[in-house]
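Engineer: Please find one structure pasted underneath; my questions will follow.
The values are calculated or read from the model by the stated rules, or taken from the named source; none is laboratory data. Model, not experiment: these values are computed from the prediction. Note: ideal-geometry Cβ built from the backbone for every residue, glycine included; neighbour counts use all protein chains shown. Areas reflect the complete protein model, heavy atoms only, side chains present, ligands, DNA and RNA absent. Shrake-Rupley method; radii C 1.70, N 1.55, O 1.52, S 1.80 Å.
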Amino acid sequence: MRFSFSIVALVLEVITIVLFGIFVEYDNSDDSRILYPFFQDVHVMIFVGFGFLMTFLKKYGFSSVGINMLIAAFGLQWGTLMQGFWHSKGGKIHVDVKSIINADFSTATALISFGAVLGKTSPAQMLIMTILEVTIFACNEHLVTEILQATDVGASMTIHAFGAYFGLAVTLVLYRPGLKNKHENEESTYDSDMFAMIGTLFLWLFWPSFNSAIASESRYQIKAIVNTYYSLAACTVVTFALSSLVDQRGKFSMVLIQNATLAGGVAVGTCADLLIHPFGAMCIGGIAGIISVLGFHFLTPFLASKLNIQDTCGVHNLHGLPGILGGIAGIVVTAIKEEDRQGVLFTPGMQAAALGSTIGIALVGGALTGQYEVYPWRTSKNNA
Amino acid sequence: MRFSFSIVALVLEVITIVLFGIFVEYDNSDDSRILYPFFQDVHVMIFVGFGFLMTFLKKYGFSSVGINMLIAAFGLQWGTLMQGFWHSKGGKIHVDVKSIINADFSTATALISFGAVLGKTSPAQMLIMTILEVTIFACNEHLVTEILQATDVGASMTIHAFGAYFGLAVTLVLYRPGLKNKHENEESTYDSDMFAMIGTLFLWLFWPSFNSAIASESRYQIKAIVNTYYSLAACTVVTFALSSLVDQRGKFSMVLIQNATLAGGVAVGTCADLLIHPFGAMCIGGIAGIISVLGFHFLTPFLASKLNIQDTCGVHNLHGLPGILGGIAGIVVTAIKEEDRQGVLFTPGMQAAALGSTIGIALVGGALTGQYEVYPWRTSKNNA
Amino acid sequence: MRFSFSIVALVLEVITIVLFGIFVEYDNSDDSRILYPFFQDVHVMIFVGFGFLMTFLKKYGFSSVGINMLIAAFGLQWGTLMQGFWHSKGGKIHVDVKSIINADFSTATALISFGAVLGKTSPAQMLIMTILEVTIFACNEHLVTEILQATDVGASMTIHAFGAYFGLAVTLVLYRPGLKNKHENEESTYDSDMFAMIGTLFLWLFWPSFNSAIASESRYQIKAIVNTYYSLAACTVVTFALSSLVDQRGKFSMVLIQNATLAGGVAVGTCADLLIHPFGAMCIGGIAGIISVLGFHFLTPFLASKLNIQDTCGVHNLHGLPGILGGIAGIVVTAIKEEDRQGVLFTPGMQAAALGSTIGIALVGGALTGQYEVYPWRTSKNNA
């Protein structure tokens, strides 16, 4: 058993390298140098942002930032292959700066799910989950953007809601009563909270790049940047206000500052590059802050005690609910005002179909993955 | 009283969103994608740089990085409106990447002042101070750049000196004898000093972007980058040398390394895009290091004990004195060599007027703001 | 003795400023604004990456990040002059964004060597070592790229192997038996390991910029980005697998995660912009991970106990061995497939000559430098 992780990781890496040798070629796009700063911002979000955000639990600091790095490093390779298969030309996958942005994106789903199951799975299980989740993500993304032709430039639905509900389904299946007593592991300290703020801030700061990186044209990219910037700012002020409001002594809660301030970036994602105006973006951001704070304060304790869903890092409140809000905002915006991108007209019906299919596929995919994960876990438990 | 912060924050945010709905429109500038990496660097400075720089006080770690985030998130919205009113076209404020850089800049003044009053004000008071300071800053900036037509590309005067003297005036008015005994709160620990170095380094590294972001042409932007790069390097070596020199055992002082190394970025700001040559930039940087170290070592203790000015983070030595040095350097450089930008000829007289008016407006504005702030503070004290 | 550092630093800084006044001019290149984001990434690697990577030793946290800043700030000025002399036109050194990237690069050699001697030298000695090493580096780089006309775009040989073997030669000469007992200083804590991960991640994330920043054309730059991205990803998965494999309880070792995950960036440097395909890059990265883990696990203890080479931060395993691997990869790739850049054809013979001369010059230069450094050290020891 001691070598199981090493064997799984080495076998998967060798298979991946061989597949790269067969399928992957360079591509040359004119945009690559202009897009490169966007890529670097997203790259920092994936490794520093997600990694450090989860360090708030003293007990899991190393796991968070270390396993986050492992999942992301493997996931971006697997994501290159899975997304590439849907866009291959002549049997070859062509990679440039835009495709490594997308590869980073695909790992984000697995990292979000990791936040829900942190402390309950082994590194080997995480690698298996990453493979399954990235594969299912690539299929769902193809469904949403190519078949349904819905818009989701900042991936509120296809990454954030998908990753959250996939992870929640996994953690529900993994539930065992014994885990309930592990509350002492779920505590933060002064320094672990400071490390988590590093994660929060780098996510917060670079979110405009996340939401605009793959916009189809320069002018839409600028709109996505501006909208995300103001959505996050409004969300942050609202989060501070509500954090003080729901606290008995009027104090700020670190976990809310670390997480709910980011909900505005998630929620504005779907319609970030549409003409919603900074005003519209700020409304979305403010509502996202309200939903996220209420989720952390009321819903998470309820889910844990009544439904046995233990969401370690509260990803439901940061990615799940704001992701759904983003999907709904997309429906509303396309209903109010017709917009098209490169000849494709977005309709509220297709946006709703995209939201529904994403959540359905995430829940089913997560439940099946959790079923698969739970097997070795119980075995090792029985042996102990 | 418990809900006062939440009410103030929510009311201000709602007003701001409404004003955005009425006045703010998208703009499309060709430069936006090229400027975006500059924006991101400035963005990191504002939230990570300023936020973590103030974490060196163990007791105020959360306050520093948290309230810094709150002030900046609100200030950038308010700054968009205040700066926008001076540049509005047809009653509308147009936002693009250049204007969100300027919005970030405007919050820097409030964050610098925050460094002077850290530990003495409540979050609600900070929001009020942010509104007043950003408003007065936008007026003074209009005076300096449009009416006096002075140059201040890196904002040595309009941001750094302004923010420092505004904050010092506030802290002087807020002074109460009882605060003197709070020295145990003003201590650093090993880890808090390491967190502060994160702030220092991200400020130091991205300062070339701060000083060059709004330069009028590409070639002047490159000069501002190069000048700031070498000014900071010279300042850093001088700071290490003097830090060891003024210490009784020849050791380096963390507070000097964290702060005085940055004075070169402040001081070279006003004339960063002028033809001062790297040699001139290094002279300015070296002098800035000397002034800043001497300020921390001799002036701050004097101000605190004799004049009752308690400058929590030493912003006078990092932003105040080097900001004045930058203003003086601007006078000297424009006196030696005529330079113009886009048809405007810079003169030493106008540079001196800009420096004088900036400090005067900052001191008066800060004193009035402090007077306003002190009222609820004393009330709550009397109640206790 | 107490003022020796201050005097050395001030004298060196004054000399440097005077030399800048005589020799350094602005340059205007069209590429500067496009290259600026690459510069900023490299800049973060030098100051945050190298600085925090070495903070894993609790005892040396301040020294690491502080002296790192001092060395880099001085080294980049000296490097500008030394590299500039080889490329001067009309007796003048012209600086733009590309030359400040190169100035940052030249300091990297001294920072790598610093990792080998950390805890054994004084700040004044480090400044002297920086002057000598940067000077010798600039000569060797001229030899490799201009005279031998070898390729080394990511500087596997000229920076990484050079810096490592230079530092190892210094530490061998500095060896004294008493240092062996200082093992209690070479320990990490939870928080110091977390700070080190900040260094690791910013190096890891921005390594594609390091390897591509000075590529001759845009299309080669994109290839260097993509190759480095996949090399690091493969290296990381292999490192995690082997880290668990060599540990008796199958746990991950923080020191391996912090260091060996970066070996893929070092090793792919020499041929990063050649047509090695992502497949080739991943093979190089995987092998680099294997070599680096084995180096940390078996070679470092052997070198320390048998050869009296105490490599404080293990730079031999992160920069030395992977740097040689990079040099060998360059020989193999140019032997398999002819490639040229701007009319220069690369040959395996010249690549081998470049690797050999680099290591030879580094060892001799480091030994002479160490001899020079050891003198004041022993004196002060005898006095004590």
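Engineer: Averaged over C:37-47, how many beta carbons belonging to a partner chain fall within 10 Å of each residue's beta carbon? Walk me through the intermediate numbers first.
Structural biologist: Values: counts 13, 5, 3, 12, 6, 0, 7, 8, 1, 1, 6.
Across C:37-47, the average partner-chain Cβ count within 10 Å equals 6.
Engineer: On to the next question. Explain nothing, just the number: relative contact order of the range C:225-384, from Cα pairs under 8 Å at least 6 residues apart, as a whole percent. Mind showing how you got there, number by number?
Structural biologist: On the way: 198 pairs, mean separation 34.8, N = 160.
Relative contact order here is 22 percent.
Engineer: Springs between alpha-carbon atoms under 10 Å, Gaussian network over chain C: tell me which of C:PHE105, C:PHE298, C:PHE346 tops the mean-square fluctuations.
Structural biologist: Among C:PHE105, C:PHE298, C:PHE346, the largest GNM mean-square fluctuation belongs to C:PHE298.
Engineer: Right, something else. Which of A:SER305, A:SER6, A:GLY343 sits farthest toward the positive end of the charge dipole of the protein assembly as shown, with +1 on the Cβ of Lys and Arg and -1 on the Cβ of Asp and Glu?
Structural biologist: Farthest towards the positive pole: A:SER305.
Engineer: Could you derive backbone 3J(HN,Hα) for the range B:130-138 from the dihedral phi with the Karplus parameters 6.51, -1.76 and 1.60 (θ = phi - 60°), listing whole Hz in sequence and x where the residue is Gly or Pro?
Structural biologist: Taking θ as phi minus 60°, the curve returns 4, 4, 5, 5, 5, 5, 5, 4, 4 Hz for the range B:130-138.
Engineer: Count the net charge of all other residues whose Cβ sits under 10 Å from the Cβ of C:ILE93, scoring Lys and Arg as +1 and Asp and Glu as -1.
Structural biologist: Values: positive: C:LYS89, C:LYS92; negative: C:GLU25, C:ASP27.
So the surrounding residues net to 0.
Engineer: Moving on. Spelling out what I want: for every residue of the range A:214-221, take phi, set θ = phi - 60°, compute 6.51 cos²θ - 1.76 cosθ + 1.60 (Karplus), and round to whole Hz; glycine and proline get x.
Structural biologist: 10, 4, 6, 9, 4, 5, 6, 4
Engineer: Which whole-angstrom value gives the distance between the alpha carbon centres of the range B:110-139 and the range B:60-104?
Structural biologist: Value for the Cα centre distance between the two parts: 13 Å.
Engineer: From the phi angles alone, apply the Karplus equation (6.51, -1.76, 1.60; θ = phi - 60°) to the range C:85-96 and give each ³J(HN,Hα) in whole Hz, x where the residue is Gly or Pro.
Structural biologist: Using θ = phi - 60°, the values come out as 4, 6, 10, 5, 10, x, x, 10, 9, 9, 10, 9 Hz.
Engineer: For the range A:320-369, report the translational diffusion coefficient in µm²/s to the nearest whole number, using Stokes-Einstein at 25 °C, 0.890 mPa s, and a Kirkwood Rh over Cα pairs. Each step should come with its number before you reach the end.
Structural biologist: Numbers: Rh = 11.8 Å.
In µm²/s, the coefficient rounds to 208.
Engineer: Going by average Cβ neighbours within 10 Å, how do the peptides A:260-273, B:242-255 rank, with the highest at the top?
Structural biologist: Numbers: A:260-273: 32.8, B:242-255: 16.9.
Highest mean packing first, the order is A:260-273, B:242-255.
Engineer: If one puts a single equal scatterer on every Cα of chain A and applies the Debye formula without solvent, what log₁₀ I(q)/I(0) results at q = 0.06, 0.07, 0.11 Å⁻¹?
Structural biologist: -0.21, -0.28, -0.73
Engineer: Still on this model: Under a crude label model (7 Å from the Cα following the beta-carbon direction), how far is A:ASN28 from A:HIS87 in nanometres?
Structural biologist: 1.9 nm
Engineer: What residue of chain B sits with its beta carbon nearest the rotation axis taking B to A, and at what distance in whole Å?
Structural biologist: Closest Cβ on chain B to the axis mapping it onto A, in Å: B:PRO37, 2.
Engineer: A follow-up question, please. Accessible area per residue of the range A:126-282 at 1.4 Å probe, in Å²?
Structural biologist: On the way: 3810 Å² over 157 residues.
Computed with neighbouring chains in place, this is 24 Å² per residue.
Engineer: Same structure again: As I understand it, the dipole of the range C:146-252 uses +1 on the Cβ of Lys and Arg and -1 on the Cβ of Asp and Glu, about the Cα centre. Which of C:ILE198, C:ALA164, C:VAL237 lies farthest toward its positive end?
Structural biologist: C:VAL237
Engineer: Among DSSP beta bridges lying fully in the protein assembly as shown, give the percent that are antiparallel, nearest 5. The partial results should precede the final answer.
Structural biologist: On the way: 9 of 18 bridges.
Percent antiparallel among DSSP bridges in the protein assembly as shown is about 50.
Engineer: Let me ask something additional. Place a +1 charge on the Cβ of each Lys and Arg in the protein assembly as shown and a -1 charge on the Cβ of each Asp and Glu, then give the dipole magnitude about the Cα centre in debye, rounded to the nearest 20.
Structural biologist: On the way: 60 positive and 75 negative charges, 622 e Å.
It comes to approximately 2980 debye.
Engineer: Also, quick follow-up: Apply the Debye scattering formula to the range C:6-97, with a single equal point scatterer on each alpha-carbon and no solvent, then give log10 I(q)/I(0) at q = 0.18 Å⁻¹.
Structural biologist: Reported log10 I(q)/I(0), two decimals: -0.96.
Engineer: Sticking with this one: Starting from the Kirkwood Rh over alpha-carbon pairs, what translational D in µm² s⁻¹ does the protein assembly as shown have by Stokes-Einstein at 25 °C and 0.890 mPa s? Before the final figure, lay out the partial values.
Structural biologist: Details: Rh = 29.8 Å.
In µm²/s, the coefficient is 82.
Engineer: Next question, about the same structure. Could you compute Rg(Cα) / (2.2 N^0.38 Å) for the range A:232-384, with N its residue count? Let's see the in-between values first.
Structural biologist: Details: Rg = 18.5 Å, N = 153, 2.2 N^0.38 = 14.9 Å.
Output field value: 1.24.
Engineer: Can you pull the three principal axis extents for the Cα set of the range C:51-100, in Å, largest first?
Structural biologist: Over the range C:51-100, Cα extents along the principal axes are 50, 15, 12 Å.
Engineer: Next up: Given the -39500 (n - 2.57) contribution per DSSP H run of 4+ residues, what per-residue ellipticity at 222 nm results for chain A, rounded to the nearest 500 deg cm²/dmol?
Structural biologist: Numbers: 15 runs with 257 residues, N = 384.
Value at 222 nm, helices only: -22500 deg cm²/dmol.
Engineer: Sticking with this one: Assume the label is 7 Å from Cα along Cα to beta carbon: what separations in nm does C:ARG176 have to the matching positions in the other copies?
Structural biologist: Copy-to-copy label distances for C:ARG176: 5.7, 5.7 nm.
Engineer: On to the next question. What average count of beta carbons from other chains do you get within 10 Å of the Cβ of residues in B:13-22?
Structural biologist: Details: counts 12, 4, 0, 5, 12, 2, 1, 9, 6, 1.
Mean partner shielding for this stretch: 5.
Engineer: When Cβ neighbours within 10 Å are restricted to other protein chains, what is their mean count per residue of peptide B:282-289?
Structural biologist: Mean number of neighbouring Cβ atoms from other chains: 2.
Engineer: Using a label position 7 Å from Cα in the Cα→Cβ direction, what is the ascending list of nm distances from B:SER4 to the same site in the other copies?
Structural biologist: B:SER4 label point versus its equivalents elsewhere: 5.9, 5.9 nm.
Engineer: Roughly speaking, to the nearest percent, how much of the protein assembly as shown's 1.4 Å accessible area is carbon and sulfur?
Structural biologist: Values: 23510 of 36360 Å².
The value for the protein assembly as shown is 65 percent carbon and sulfur by accessible area.
Engineer: Distance in nm between label sites at B:SER4 and C:LEU345, each 7 Å beyond Cα in the beta-carbon direction?
Structural biologist: Taking the two extended label points, one gets 8.2 nm.
Engineer: With Cβ to Cβ distances under 11 Å as the rule, what net charge do the other residues near B:GLY79 carry (K, R +1; D, E -1)? Could the numbers behind the result be given before it?
Structural biologist: Details: positive: none; negative: B:ASP104, B:GLU133, B:GLU141.
Within the 11 Å Cβ shell, the charges total -3.
Engineer: In units of 2.2 N^0.38 Å, what is the alpha-carbon radius of gyration of the range C:23-152?
Structural biologist: Computed over Cα atoms of the range C:23-152, the ratio equals 1.10.
Engineer: Specify which residue in the list A:GLY360, A:TRP86, A:VAL48 is farthest towards the positive end of the charge dipole of the protein assembly as shown, using unit charges on the beta carbon of Lys, Arg (+1) and Asp, Glu (-1), about the Cα centre.
Structural biologist: A:VAL48
Engineer: Could you pull out every residue, at least 5 positions away or on a different chain, whose amide H is within less than 5 Å of the one on C:ILE93? Hs are placed 1.01 Å off N in the peptide plane, and Pro or chain starts have none.
Structural biologist: C:VAL24, C:GLU25
Engineer: Once you list every other residue whose beta carbon is under 9 Å from the beta carbon of C:THR151, what net charge do they have if Lys and Arg are +1 and Asp and Glu are -1?
Structural biologist: Values: positive: C:ARG341; negative: C:ASP152, C:ASP273, C:GLU339.
Cβ neighbours under 9 Å give a net charge of -2.
Engineer: I want to check the label-to-label distance for A:TYR372 and B:LEU307. Put each point 7 Å from Cα in the C-beta direction and report it in nm to one decimal.
Structural biologist: Taking the simple label geometry, A:TYR372 and B:LEU307 are separated by 6.9 nm.
Engineer: For the range C:223-303, what are Rg and Dmax over the alpha carbons, in angstrom?
Structural biologist: Just the Cα atoms of the range C:223-303 yield Rg and Dmax of 12.8, 41 Å.
Engineer: Continuing with this model, one more query. A plus C alone minus the pair: what accessible area, both sides summed, probe 1.4 Å, in Å² to 100? If you can, show how the numbers build up before the last one.
Structural biologist: Numbers: alone 16870 and 16860 Å², together 28920 Å².
Counting both chains, the buried surface is close to 4800 Å².
Engineer: Using 1/(1 + (r/R0)^6) with R0 = 25 angstrom and r between the beta carbons of A:GLN149 and B:GLU217, what's the FRET efficiency to the nearest 0.05? Numbers along the way, then the final one.
Structural biologist: Working: r = 43 Å, r/R0 = 1.71.
Computed FRET efficiency for A:GLN149 and B:GLU217 comes out at 0.05.
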